[in-house]
Amino acid sequence: MSISSTDVKHIANLARLTLTEEEVTNYTSQLNDILQFADKLNELDTSDVEPTSHVLPLVNVLREDEVRPSLTREEALKNAPDQKDGQVRVPAVFED
């Protein structure tokens with residue numbers, strides 16, 4: 001499988017990119033190099049390799065959900081530029 005300059009121009013058009021002829025030539029060459037490398041990987045015998053979804057044998061990297069000390073409301077509001085009734089006040093985002 002190979003990529004032609006027409007393919008690169010089509011993809012660039014879909015992505016709404018404007019490419020010069022030099023860029024089209026350069027990207028066509030680079031994409032073909034990538035495809036050649038991917039084809040080379042198909043030459044490897046992977047019949048004894050089990051399919052994996054991760055490189056490392058990680059099962060669960062999440063910590064336990066536990067209550068930990070944090071800022072008090074007063075400490076959190078200390079650096080707020082504007083506050084009202086114990087809450088941070090921000091400019092309106094939506095119009096009425």
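The values are calculated or read from the model by the stated rules, or taken from the named source; none is laboratory data. All figures in this text were calculated on a predicted structure; none of them were measured in a lab. Glycine also receives a Cβ, built like all others from the backbone with ideal geometry; neighbour counts cover every protein chain displayed.
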**OP:** Give the residue, chosen from Asp33, Asp39, Asp48, that is among the charged types (D, E, K, R) and either modelled with pLDDT of 95 or more or under 24 Å from the mean Cα position of the chain (by Cα) (or both).
**Re:** Asp33
**OP:** For segment 33-54, name all the residues that are under 28 Å from Ile3 (Cβ atoms) and of a type in the set (A, V, I, L, M).
**Re:** Ile34, Leu35, Ala38, Leu41, Leu44
